[in-house]
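**Q** Have a look at this one.
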Amino acid sequence: MDIDEVLKLTDDLVFGQTGMHLDYLQEEILKGTLQSKTYSEIAKELHLSKSHVRNTGSELWKILSEALKQDITKNSFRSILNGVKISKNTNNISFVGETITLKKSVTVNHLNICPATTRSPSSSHYPAPQNSSPIIDLLDAPELTDFYNRNTELNTLKQWILKDRIRLITIYGLSGIGKSVLTRQLIEQIKPEFDYIIWKSLTETPTISSLKNQLQQFFAQSQNPPLPTIIDYFRNSRCLVILDDLQNLFQSGELAGQYLTEHKEYGQFWQQIAKNHHQSCVILLSWEKPREIATLDAEKYSTRTLNLKGLESNAEEILREKGLTDEGKWPELINLYQGHPTWLNIIASTIVELFDGSVSLFLADQEEIFIGDLKPILAYHLERLSKLEQQVISWLASQNEAVDISQPSGLREFSKSEITEAMQSLGRRGLVEKISERGRSQFVGNPIFKQYILNSNHRTLKESDRR
């Protein structure tokens, strides 16, 4: 067996024992061990501390020891593998004597570990590009503007990318919430760690073939000879790819994250990125969470998802820049508009225009949430909903309390399964929030969208009465 087959075998063992797949560092420790490298050598190649690599290795050997019921160390790993046999008559992972039974239709007498230089062309080590600094293409990226403090989210993303070596990250949230700004700032902090960085907008909805060609042309400018596939570049170099506006590939009028017919192959590409062994990272930016990503997350592959929410106290900087007064009322305003930076900028402009910047005057005697110039933004989100979602969110807006979908609802024309599916889809769009009440999950609609829907329904009734 070559190294990739050993990684697959070990991944099955680790998943059977822990429910988690191998992460990037565990893979590199296994590769280094099979090539007789020391922890110091592995750490130096990965730009990590020796202690971190050693601790990760110790934990890996402990997991494998428990899975194989054998005492496995870095020094004994190769010799124990050479005594392993693989049988094909079961769906469970076990170790008895010298036999491991895996989810695999392969039978061999011994595992002969091949050095990396004898691997097949599709997975071999190609000559690395000779670049002293990363090659960067940010033509499609937004400008690096003022950045409102999101250190918590930045640190989470850096942990996933630099330490956990996650291959596929999805950042989703409402339009204007700050996904692109956050990612642009992230690039500035981690770009020395990569050989290539490219940002591609999907606004023009390129086919998957066209996107792959664009990426390969970018990578090939310093790689001679060119490599056969995107995954080969991802294995050979440390690449960071950001794909923005993913929601443009999805169908309007359908449940969240369903691709237009001509773009269904994108889902297969995400699976390829998450499941294949490589050292790169792809970040997806979207209004909606893709369905394939939810499945990959559930299967615990090398994926992570960040649902980006609004700013908290950091949003005060927006109000300060707008010159608003009555600072004691700022937290109330921020809470009302959920710390959403775009919404706050728009509402702050209204306060300057109509109330001379006084937040107190704006909030005084307000019986409902003011929508104003937010209407076009909110309408565009709601226009993307399926008919089922539109009816569910309209019903949800009419409720004064959180809804328990396990109980009978006022939507008697729909089955419980349909309501559950619609609620899940609305959640993936950021239009519904799940809260816990007395140990049960309940759901509430986003207050801003709720107010917009109630206003729209009220206008519709008025027009109907006039007729």
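The values are calculated or read from the model by the stated rules, or taken from the named source; none is laboratory data. The structure presented is a predicted model; accordingly, all values stated were derived computationally and were not measured. Cβ sites come from the backbone with ideal geometry, for glycine too, and all protein chains shown count toward neighbours. Remember, those area values only see protein heavy atoms, side chains included, never the ligands or the DNA or RNA. Shrake-Rupley method; radii C 1.70, N 1.55, O 1.52, S 1.80 Å.
**Q** Return only the number of the condition from (1) at pLDDT below 90; (2) open to solvent by 50 Å² or more (accessible area, probe 1.4 Å); (3) more than 13 Å from the chain's Cα centre (by Cα); (4) not β-branched (Val, Ile, Thr) that LYS300 does not satisfy.
**A** Failed condition: (3).
**Q** In region 207-229, is there at least one residue being assigned to a strand (DSSP E or B) and either open to solvent by 10 Å² or more (accessible area, probe 1.4 Å) or within 21 Å of ASN307 (Cβ to Cβ) (or both)? Full working, then the answer.
**A** Of the residues in region 207-229, the ones assigned to a strand (DSSP E or B) are none.
Looking through region 207-229, none of the residues is assigned to a strand (DSSP E or B) and either open to solvent by 10 Å² or more (accessible area, probe 1.4 Å) or within 21 Å of ASN307 (Cβ to Cβ) (or both).
**Q** So is HIS278 in contact (Cβ under 8 Å) with a residue 60 or more places away in the chain, more than 22 Å from GLY427 (Cβ to Cβ) and either open to solvent by less than 30 Å² (accessible area, probe 1.4 Å) or out of contact with any helix residue (DSSP H, G or I) (no Cβ under 6 Å at 6 or more places or on another chain) (or both) or not?
**A** Details: in contact (Cβ under 8 Å) with a residue 60 or more places away in the chain: yes; more than 22 Å from GLY427 (Cβ to Cβ): yes; either open to solvent by less than 30 Å² (accessible area, probe 1.4 Å) or out of contact with any helix residue (DSSP H, G or I) (no Cβ under 6 Å at 6 or more places or on another chain) (or both): yes.
Spelling it out, HIS278 is indeed in contact (Cβ under 8 Å) with a residue 60 or more places away in the chain, more than 22 Å from GLY427 (Cβ to Cβ) and either open to solvent by less than 30 Å² (accessible area, probe 1.4 Å) or out of contact with any helix residue (DSSP H, G or I) (no Cβ under 6 Å at 6 or more places or on another chain) (or both).
**Q** Have a look at LYS375, LYS387, LYS416 and point out the one that is free of Cβ contacts under 8 Å to residues at least 12 places away in the same chain and either open to solvent by 40 Å² or more (accessible area, probe 1.4 Å) or farther than 17 Å from TYR172 by Cβ (or both). Spell out the reasoning first.
**A** Working: LYS375 fails: free of Cβ contacts under 8 Å to residues at least 12 places away in the same chain; LYS387 fails: free of Cβ contacts under 8 Å to residues at least 12 places away in the same chain.
Exactly one residue qualifies, and that residue is LYS416.
**Q** For region 149-188, how many residues meet the condition of being open to solvent by 20 Å² or more (accessible area, probe 1.4 Å), farther than 25 Å from GLY427 by Cβ, touching a residue at least 60 places away in the same chain (Cβ under 8 Å) and not charged (D, E, K, R)?
**A** 1
**Q** Continuing with the same structure: Of the residues in region 297-319, how many are under 15 Å from ARG429 (Cβ atoms) and assigned to a helix (DSSP H, G or I)? Please lay out each step first, then the result.
**A** Of region 297-319, the ones under 15 Å from ARG429 (Cβ atoms) are 305, 307-309.
Right, trim to assigned to a helix (DSSP H, G or I) and you get none.
Of the residues in region 297-319, 0 are under 15 Å from ARG429 (Cβ atoms) and assigned to a helix (DSSP H, G or I).
**Q** How many residues does region 208-226 contain that are modelled with pLDDT under 90 and under 16 Å from SER280 (Cβ atoms)? I'd like the intermediate steps shown before the answer.
**A** Our first condition is that a residue be modelled with pLDDT under 90; within region 208-226, this holds for 221-226.
Okay, now just the ones that are also under 16 Å from SER280 (Cβ atoms), so 222-223.
Residues flagged as modelled with pLDDT under 90 and under 16 Å from SER280 (Cβ atoms) within region 208-226 amount to 2.
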